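**Student:** I am attaching a structure below and will ask some questions about it afterwards.
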Amino acid sequence: MLIMEINTIVIDQLRAIFLLAIGHTAGNLLTNISLGKVAVSFTHTIKAMEPFFTVLLSLLFFGERPTLWVVSSLVPIVAGVALASFTEVSFNWIGFGSAMASNVTNQTRNVFSKKLMVKKESLDNINLFSIITVISFLLLAPTAIILEGVKFSPSYFQSAASQGLDVRKLCVRALLSGFCFHTYQQVSYMILQMVSPVTHAVGNSVKRVVVIVSSVIFFQTPVSPINSLGTALALAGVFLYSRAKRIKPKDA
């Protein structure tokens, strides 16, 4: 009887982790699609809306009602993203839609990951993220081989090198990018285990200040005054949101 109960728990955990891996895969894939279609700064401006989706998903799935202060702080976030989108030079619907969809999938993953983490029989954050990453790789590898397999052949690299591509630099940057991204995601899951999904989303949005500013400087992205105003408004909303979360609701 005990063995059957343990098997049931393991199966339920694997099912839940597999669904999280699907969300993880979709979220990162959509983010990269957006980065390929629009400016890096614009993608991260849209992704500053993460707290909005976290509040919405927490309400829909777990009935966690936000306070009036929290709802009010979400207004400048949405308004800022709308203003930045309206004036964005690189705007296109695929890039915009992919970034918005990644907000939904990533925050759904975070909300349900947190729900799984608080269970006594659950895996810790390192093992949970490791299994999610392995499943995500298995989901993406066949698609990548089918769509881009020819680009991994020696003949393709030789042809690209003859046209001026530094293959060695490409491989080093790909490995470095993968290492940095995995490290960031691992640390993100460690923090998620210690705080609520809402607090995690706020911290993630604050990170985007650095990403937006550095991407504008590095890529020399043209930014209009109105676009800057929209980005600043969205980030100010994130700050107000973090302050609003500290306000304890009064007992009726």
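The values are calculated or read from the model by the stated rules, or taken from the named source; none is laboratory data. Fair warning: this is a prediction, and the values are worked out from it, not measured in the lab. Cβ atoms come from the backbone with ideal geometry, glycine included; neighbour counts cover every protein chain shown. Only protein heavy atoms, including side chains, enter the accessible area calculation; ligands, DNA and RNA are left aside. Shrake-Rupley method; radii C 1.70, N 1.55, O 1.52, S 1.80 Å.
**Student:** Quick one: in the range 184-198, which of the residues that are part of a helix (DSSP H, G or I) and touching a residue at least 24 places away in the same chain (Cβ under 8 Å) is nearest to residue 240 (Cα to Cα)? Before you say what the answer is, go through the steps one by one.
**Tutor:** From the range 184-198, those part of a helix (DSSP H, G or I) are 184-194, 197-198; that's our starting set.
Then keep just the ones that are touching a residue at least 24 places away in the same chain (Cβ under 8 Å); that gives 185-186, 189-190, 192-193, 197-198.
Values: 185: 25, 186: 27, 189: 24, 190: 25, 192: 21, 193: 24, 197: 17, 198: 13 Å.
By that ranking, first place goes to 198.
**Student:** Looking at 113, 224, which one is more than 30 Å from residue 84 (Cα to Cα) and of a type in the set (Gly, Ala, Ser)? Please lay out each step first, then the result.
**Tutor:** Details: 224 fails: more than 30 Å from residue 84 (Cα to Cα).
Answer to the check: 113.
**Student:** Test residue 185 against the stated conditions and say whether it is closer than 30 Å to residue 127 by Cα and modelled with pLDDT under 80. Write out each step before concluding.
**Tutor:** Numbers: closer than 30 Å to residue 127 by Cα: yes; modelled with pLDDT under 80: no.
When the stated conditions are applied, residue 185 does not pass them.
**Student:** Is one or more of the residues making up the range 19-39 open to solvent by less than 40 Å² (accessible area, probe 1.4 Å) and over 23 Å from residue 186 (Cβ atoms)?
**Tutor:** For the range 19-39, residues open to solvent by less than 40 Å² (accessible area, probe 1.4 Å) and over 23 Å from residue 186 (Cβ atoms): present.
**Student:** Looking at 70, 38 in this structure, which one is modelled with pLDDT of 85 or more, of a type in the set (A, V, I, L, M, F, W, C) and over 20 Å from residue 129 (Cα atoms)?
**Tutor:** Just one listed residue meets the conditions, 38.
**Student:** Another question, if that's okay. Scan the range 103-145 for residues that are open to solvent by less than 50 Å² (accessible area, probe 1.4 Å) and not in a helix (DSSP H, G or I) and jot them down.
**Tutor:** Result: 122, single match.
**Student:** Now, a different point. For the range 88-98, does any single residue satisfy the condition of being among the aromatic types (Phe, Trp, Tyr), open to solvent by less than 90 Å² (accessible area, probe 1.4 Å) and in a loop (DSSP other than H, G, I, E, B)?
**Tutor:** Of the residues in the range 88-98, the ones among the aromatic types (Phe, Trp, Tyr) are 91, 93, 96.
In the following step, the residues that additionally are open to solvent by less than 90 Å² (accessible area, probe 1.4 Å) were identified as 91, 96.
Right, trim to in a loop (DSSP other than H, G, I, E, B) and you get 91.
Yes, the conditions are met somewhere in the range 88-98.
**Student:** Would you mind telling me which numbered condition in (1) aliphatic (A, V, I, L, M); (2) at pLDDT below 80; (3) assigned to a helix (DSSP H, G or I) residue 236 fails?
**Tutor:** (2)
**Student:** Give the residues of the range 159-183 that are surrounded by 11 or more Cβ atoms within 10 Å (Cβ to Cβ) and in a helix (DSSP H, G or I), sorted by residue number.
**Tutor:** Those that are surrounded by 11 or more Cβ atoms within 10 Å (Cβ to Cβ) and in a helix (DSSP H, G or I): 159, 160, 161, 167, 170, 171, 172, 173, 181, 182.
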